[in-house]
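Colleague: Provided herewith is a single structure, encoded as structure tokens, for subsequent inquiry.
FYI, it's all coordinate maths here, none of it is from the lab. Here the structure is a predicted model, which means the values were calculated and not measured. Quick reminder, even Gly has a Cβ in these numbers, built from the backbone with ideal geometry, and neighbours come from all protein chains shown.
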Amino acid sequence: MINLVWLIPLFPLIGFLINGLGRSFLPKGAVGFIGSLTVFLSFAVSLGIFFELNGSVTKSFTIQLFDWIQVGNLSIPFSFQVDPLSSLMLLIVTGIGFLIHVYSIGYMHHDTGFAKFFSYLNLFVFFMLLLVLGSNYVVMFIGWEGVGLCSYLLIGFWFSNPAYASAAKKAFVMNRIGDLGFLIAIFLIFNTFNSVEFAKVFPQAASLTAGSDVITLITILLFVGATGKSAQIPLFTWLPDAMAGPTPVSALIHAATMVTAGIYMIARSNILFTLAPFTLDIIAVVGLATAILAALIAITQTDIKKVLAYSTVSQLGYMFLGLGVGAYTGAFFHVITHAFFKALLFLGAGSVIHAVSNEQDMRSMGGLKSKLPVTFYTMLMGTIAISGLPPFSGFFSKDEILAHAYEHSKLLWLIGVIGAMFTAFYMFRMLFLTFFGKFRGTTEQQAHLHESPASMTFPLIVLAVLSIIGGFIGVPEALHGNHWLAGFLEPVFSASEQRTGASHLDHSTEYILMTVSVIAAVVASFIAYLRYARNNHVPVPDTAERTAFANVSYNKFYIDEIYDALITKPLNILSGFFYRIVDKTFIDGFVNGLGRATAEAGKGLRLLQTGNIGFYIFIMIAGIVALLVYGFYNI
Amino acid sequence: MEILLLIFLPLAGAIIVSLFGKHQQAKTAAFIWSLLSLGFTGYLLDGFDPAAGTQFTVDFPWLLSLGSRFNAGIDGISMLLVLLTNALVPLIILASFSHNYKSPGAFYGLILFMQSGLLLVFTALDAFLFYVGWEIALIPIYFICAIWGGSNRIKVNIKFFIYTFAGSLIMLLGIIYMAQQTPDKTFDLLGFYQLSLSTSEQSWVFLAFFMAFAIKMPIFPFHTWQPDTYTESPTAGTMLLSGIMLKMGTYGAIRWLIPVAPLGFAQWGQTALTLAVIGIVYASLIAFTQKDIKRLVAYSSIAHVGLIAAGIFVWNLQGLQGAMIQMLNHGLNVFGLFFVLDIIIRRLGTRDMDKMGGIAKMAPKFSITFLIILLGTVALPLTNGFIGEFLLLMGLYNYNIWASAIAGLTIILGAVYMLRMYQRIMFGPSADNTLTFADIAGTEKVVLFVVCALILFIGVYPKPLLAISETSTRELIDFVNGKIAGGSPTNY
């Protein structure tokens, strides 16, 4: 089965080609079926590979397809690696990918670009699978940039709206800033280890001493790449704008899979990062800062998708915090559980938006609980899971990250818990504003309220179940679990763990930490309940006065405006200066000056220019023939 | 003798096609004739052995009184450029089918005539012959641009002609000087390679050759003729200039500049590299705010060629192999871009992107092919551009991490101006003039599909192309490095 791993990306590629080429004549039913089926087939193969790997003694397989780039000693094969890390990620991408494809059949049903949408979605899955499966940094980079392209295409899916098209461009460009860091890291890796293959780089790295300059530089550059793809400070502002894309896209690409690629890449390269404690500290601080900043923005947003977008940025920040404190398993655990509950929440939001005639502002929602019961209860599960209440999935993964953070520094832990409070608050705020109280939209919208079709509720239910039970793959020893996930991923992280040593926390400390974070989450949810459910508080309209803090938060700390003033505008001014002053006036002026001087001197030659092309061609050919003939006869 | 056939086949075609005079069948005749050249290139490629050095050599006495022989041949480096020339000319001709140029006989005759000159440049192993080819290629393109160009063509083209011609003359001085130093006063390339001139002599020779090549590419700050000329030329002319002709400059740097004056290179190489890298960022930034789409692509071409030049001047295997394959890729991509722009400009009658928008909705096939070409240009993985830029930036990295980082900005800046252009043209609400925008059809479809297929194919499977030139580039690098280190020059 493992030898058939190439089938996994091949199926979605075929789906992309069929739906892409047949988009003008294939019926919608066929398009949706083909698009979903191909991803399901990939899921089936991934499942087979997972079980085979689970039962196998060898935990890492490399399958080479062909030689891709070959120059001198640089040899980059097009090859795949199957190991516990990639195998789990395959299941997430294809499993959740499949559910979201099915959901899209209902959600995109009325859209004229139905086939185009499915072909892009399939293409995305193809590239994401390349990213996951690549056995070297360059194949990973193919997927890395490929998903960026699909993200661009899907954010700008409704491109007639100039704001959406701009959001798409912004996402691509910000990702590319990170990509340059990634690319230079690849060069540095090749120069240091003479290979870009994971299987050759990591064993060599394991024998190096920690803290060397070259490892620090490599890891910082890789992290720069990760900040772009995974929306961390300073490159996070594209992700909220990316909500311009259709909601299934937000669920699949901008919550469950693509944006976690940065965490996946660092977890993959864990030994390099373990050897660079300085970089790990930066990652922890940036991750936590992003988590807090995004949470502070999320608490005042009124667009349901924006709340979820900032929540995603914030949760990704927690994952980076986990990586930074060496909790590689915990970070990846959170990737998995977050994929469940955030995909669920986005799809739920999509179901709501679908029901209220494309309204996204929560100020015009409310009271949807009875009209959309499936959506409500599944989203409730997702909200509990993300808030970190036991025994839902988010509790276990977030707790593992926070426990490691505590071990690393009590301050990191404390700020992390405060952030978790915010999380519980804004998530329940969203839930109450949407589903509780009275409906605040127009009467037209009210007449149209309906629960979504089965193709949309089925994925919600599956994801809700996973959000509830997903945490049981990683129950810690303190709670009498055996943490299956840690055992399964052990071969991937063992070299790092040998260096850092096992966890030192005793069980009583762990109990205290868990209790504190659970209490914090419960208190925050209760405050949200009091304010938005019992007192029916509704956020003020845009025109109303806000407190200074609410204003800054609502306006996203003016970060877009700051970037615009510091980077975009100056570059445009520089562009104009280069063009008009340097190029036209200075350089070209000099050239023209030289030219005029020459022209004056050459006036006499003008007499030869008759303006007749035939004459010129004749002279030219005659000249050549004469030269040839002259040459041959003078031998 | 194959080489003679290769070079003179287009010339014969030029004479035949020019007989068509004012009949539009001239384009069909020219297209068929250019396919002959392409087919013959396939035949040469089939018999070509990448490991065997220079092949298909012809060498017979020619202007002996001058010391020049008709000496030409093909090694891996030449092979790729011959392939580029003979593959792109049929595409360029086919891409011009929608235009009805006046005096098509003369127009297409000049294109084929130019093809001969280009092939001579890429195969000549004698400096005088090389120079003859260099000028033969220049004269037809001057007429193509000056006669069939835009309203401002005369002024722009005189500048282009004088500028590049001045560069050529300086190179001619260098060539004559070199020939005077050889024992038998000949123009033989290998004779030039064998010479061991003093550092100061080589320094001057380097500068003389460099001027010609730097203007042709063009490298910052010798580039100001280029945006005007690209903008004012008829599309076929712009394609010839940007797709093939500028590779005369990069090819010249590889064959006629660095190995001819290795010590001059040791002295000036870093300066040349610096100019090339400055050009990348400088031209990219200017492209940011261009509204004229043709001018925007013209500036982007300066940036892309700057990267190729930088890969040459770092003179290592990754850089040079990257430059080789990127010459091909750039030729293909810039041709595709100018064709796409030609379609737009022909349909809308404007080059101002502010007067466009919403075309993607009207013409889905067009928008996909445009996107693929654009992705090749911004070097997305699995397109041809990525292979080239990856190797080039790696070559730069091996030289200096900062050179790579600054040149690597092209990855970001390129995405900014290209996507901005794509957005303005294709996305947003439709303008009045784009509401009736017809999707691609006929020859447009054929040309764009071929270009896209090649972009993806080279991106996925570049190995055969890389293999063609690897032995030649490696030997040339070793030879030059040996000379710089003061080793024996006889090993080439």
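Colleague: Under a Cβ-only charge scheme (Lys and Arg +1, Asp and Glu -1), can you give me the dipole magnitude of the range A:555-601 about the Cα centre, in debye to the nearest 20? Kindly include the intermediate steps, with their values, before the conclusion.
Modeller: Numbers: 5 positive and 6 negative charges, 12 e Å.
Computed charge dipole of the range A:555-601: roughly 60 debye.
Colleague: Would you please give the FRET efficiency between residue A:1 and residue B:151, computed as 1/(1 + (r/R0)^6) with r the Cβ-Cβ distance and R0 = 51 Å, to the nearest 0.05? Write out the running numbers ahead of the final one.
Modeller: Values: r = 67 Å, r/R0 = 1.31.
The computed FRET efficiency comes out at 0.15.
Colleague: Would you tell me the mean number of C-beta atoms belonging to other protein chains that fall within 10 Å of each C-beta in B:142-150, as a whole number? Spell out each step's value before the answer.
Modeller: Details: counts 1, 4, 0, 0, 1, 2, 0, 0, 0.
For this peptide, the per-residue mean of nearby foreign Cβ atoms is 1.
Colleague: Explain nothing, just the number: relative contact order of chain B, from Cα pairs under 8 Å at least 6 residues apart, as a whole percent.
Modeller: Across chain B, relative contact order equals 16 percent.
Colleague: Here is a further query. Using a ≥ b ≥ c from the Cα gyration tensor of the range A:396-494 (square roots of the eigenvalues), is it rounded, prolate or oblate, where a/c under 1.5 gives rounded and otherwise the larger of a/b and b/c decides, a/b for prolate?
Modeller: Oblate is the answer for the range A:396-494, as a/c is 1.5 or above yet b/c matches or exceeds a/b.
Colleague: With everything on Cα atoms, drop me the angle between helix B:384-399 and the longest principal axis of chain B, reported from 0 to 90° to the nearest 10.
Modeller: Value to nearest ten degrees: 40.
Colleague: By per-residue mean of other Cβ atoms within 10 Å, what is the highest-first order of B:231-244, B:44-57?
Modeller: So the order, starting with the most tightly packed, is B:231-244, B:44-57.
Colleague: Tell me what chain A gives for mean residue ellipticity at 222 nm when only DSSP H runs of n ≥ 4 count, each as -39,500 (n - 2.57), the sum divided by the residue total, rounded to 500 deg cm²/dmol.
Modeller: -22500 deg cm²/dmol
Colleague: List the aspartates and glutamates whose Cα lies under 20 Å from the Cα of residue A:306, skipping any in the same chain that are fewer than 8 positions away.
Modeller: Filter leaves A:241, A:359, A:361, A:542, A:560, A:561.
Colleague: For peptide A:574-583, compute the average count of partner chain beta-carbon atoms within 10 Å of each residue's beta-carbon.
Modeller: 6
Colleague: Between beta-carbons, use under 12 Å as the cut-off and find the net charge around residue A:474, counting Lys and Arg +1, Asp and Glu -1.
Modeller: -2
Colleague: Tell me the net charge near residue A:403. Cut-off is 13 Å between Cβ atoms, residue A:403 excluded, with +1 for each Lys or Arg and -1 for each Asp or Glu.
Modeller: Details: positive: A:398, A:410; negative: A:399, A:400, A:407, A:477, A:506, A:510.
Here the count lands on -4.
Colleague: For chain B, what D do you get in µm² per second when you plug the Kirkwood radius from alpha-carbon pairs into Stokes-Einstein at 37 °C and 0.692 mPa s?
Modeller: Value of D from the Cα-based Kirkwood radius: 146 µm²/s.
Colleague: Sticking with this one: Cα axis of helix B:409-426 to longest principal axis of chain B: angle in degrees, 0 to 90, nearest 10?
Modeller: 30
Colleague: Of A:411, A:37, A:163, which is farthest along the charge dipole of chain A in the positive direction, counting Lys and Arg as +1 and Asp and Glu as -1 at C-beta?
Modeller: Sorting the options by dipole projection puts first A:163.
Colleague: Sticking with this one: What number, in percent, do you get for the relative contact order of the range B:319-436 if the mean sequence gap of Cα pairs under 8 Å and at least 6 apart is divided by its residue count?
Modeller: Relative contact order for the range B:319-436 comes out at 43 percent.
Colleague: Which values, in whole Å and largest first, are the semi-axes of the equivalent ellipsoid of the protein assembly as shown obtained as the square root of 5 times each eigenvalue of the Cα gyration tensor?
Modeller: Ellipsoid semi-axes (Å, largest first): 58, 32, 25.
Colleague: Output the pairs from A:170/B:445; B:22/B:155; A:170/B:291; A:305/A:371; A:305/B:365 with a Cα-Cα distance over 22 Å in this structure; if there are none, say none.
Modeller: Correct reply: A:170/B:445; B:22/B:155; A:305/B:365.
Colleague: Taking 0.36 nm per residue of separation and subtracting the Cα-Cα distance, what length does fully extending residue A:465 through residue A:210 add?
Modeller: Working: separation 255, 0.36 × 255 = 91.80 nm, distance 4.27 nm.
Between residue A:465 and residue A:210, full extension yields an extra 87.5 nm.
Colleague: Once both labels are modelled 7 Å past Cα along the beta-carbon direction, what's the residue A:160-residue A:557 spacing in nm?
Modeller: Going by the 7 Å Cα→Cβ label model, 3.8 nm.
Colleague: Also: Please arrange A:575, B:37 by counting, for each residue, the other beta carbons lying within 10 Å of its beta carbon, fewest first.
Modeller: Details: A:575 20, B:37 25.
Arranged by neighbour count, lowest to highest, A:575, B:37 become A:575, B:37.
Colleague: So, one more: Report the label-to-label distance for residue A:191 and residue B:401 in nanometres (one decimal), using points 7 Å from each Cα along the Cα→Cβ vector.
Modeller: Once both label points are built, they end up 0.7 nm from each other.
Colleague: Further, regarding this structure: Take residue A:484 and residue B:199, extend 7 Å from each Cα along the Cα→Cβ direction, and tell me the distance between the two endpoints in nm.
Modeller: Rounded to a tenth, the inter-label distance reads 7.2 nm.
Colleague: Hey, another quick one. ³J(HN,Hα) across the range B:362-374 via Karplus (A = 6.51, B = -1.76, C = 1.60, θ = phi - 60°), whole Hz, x for Gly/Pro?
Modeller: For the range B:362-374, the Karplus curve yields 7, 9, x, 5, 4, 5, 6, 5, 4, 5, 5, 5, 5 Hz.
Colleague: Among B:123-129, B:172-178, what's the highest-first ranking by average C-beta atoms within 10 angstrom per residue?
Modeller: B:123-129, B:172-178
Colleague: If you don't mind, another one. Note down the Stokes-Einstein diffusion coefficient of the range B:355-490 in µm²/s, whole number, using a Kirkwood radius over alpha carbon pairs, 4 °C, and 1.567 mPa s.
Modeller: My calculation gives 73 µm²/s for D.
Colleague: While we're here: Which value in deg cm²/dmol, rounded to the nearest 500, describes the helix-derived mean residue ellipticity at 222 nm for chain B, given -39,500 (n - 2.57) per DSSP H run of n ≥ 4 and division by the residue count?
Modeller: Estimated from H runs of four or more residues: -24000 deg cm²/dmol.
Colleague: While we're on this one: Would you give the gap between the C-alpha center of the range A:167-245 and the C-alpha center of the range B:48-102, rounded to a whole Å?
Modeller: 43
Colleague: How many angstrom lie between the Cα centre of the range B:249-323 and the Cα centre of the range B:390-412?
Modeller: Between the Cα centre of the range B:249-323 and that of the range B:390-412, the gap is 12 Å.
Colleague: Size of the dipole of the protein assembly as shown about the Cα centre, Lys and Arg at +1 and Asp and Glu at -1 on the beta carbon, nothing else charged, in debye to 20?
Modeller: Working: 58 positive and 54 negative charges, 543 e Å.
With Lys and Arg at +1 and Asp and Glu at -1, about 2600 debye.
Colleague: Let me ask something else. Apply the Karplus curve 6.51 cos²θ - 1.76 cosθ + 1.60, θ = phi - 60°, to the phi angles in the range A:211-218 and return the couplings in whole Hz, x for Gly and Pro.
Modeller: x, 5, 4, 5, 5, 4, 5, 4
Colleague: Using Cα centres only, tell me the gap between the range A:17-81 and the range A:385-460 in whole Å.
Modeller: The two parts, judged by their Cα centres, are 33 Å apart.
Colleague: In addition: What angle, in degrees between 0 and 90 and rounded to the nearest 10, separates the Cα long axis of helix B:199-216 from the longest principal axis of the Cα atoms of chain B?
Modeller: 20
Colleague: What's the average, rounded to a whole number, of partner chain beta-carbon atoms within 10 Å of each residue's beta-carbon in B:269-279?
Modeller: 0
Colleague: So for B:199, A:227, fewest C-beta neighbours within 10 Å to most, what's the order?
Modeller: Result, fewest neighbours first: B:199, A:227.
Colleague: Roughly how big is the range A:1-135's charge dipole about its Cα centre, with Cβ charges of +1 (Lys, Arg) and -1 (Asp, Glu), in debye to the nearest 20? Mind dumping the intermediate values first?
Modeller: Numbers: 4 positive and 4 negative charges, 59 e Å.
Dipole size: approximately 280 debye.
Colleague: As a footprinting exposure proxy, order A:176, B:295, A:499, A:363 by other Cβ within 10 Å, with the fewest listed first.
Modeller: A:499, A:363, B:295, A:176
Colleague: How about residue A:229: which aspartates and glutamates have a C-alpha closer than 12 Å to its C-alpha, ignoring those fewer than 8 places off in the same chain?
Modeller: Those aspartates and glutamates meeting the cut-off are A:145, A:179.
Colleague: Between A:56, A:124, A:27, whose Cα lies farthest towards the positive end of the dipole of the range A:1-135 when Lys and Arg beta carbons carry +1 and Asp and Glu beta carbons carry -1, centred on the Cα centre?
Modeller: The residue sitting most towards the positive pole is A:27.
Colleague: Radius of gyration and Dmax for the range B:310-420's Cα atoms, expressed in Å?
Modeller: Expressed in Å, the Cα Rg and Dmax of the range B:310-420 come to 16.1, 47.
Colleague: Given a Förster radius of 30 Å and the C-beta distance between residue A:534 and residue A:370 as r, what FRET efficiency does 1/(1 + (r/R0)^6) yield to the nearest 0.05?
Modeller: Plugging the Cβ-Cβ distance into 1/(1 + (r/R0)^6) gives 0.95.
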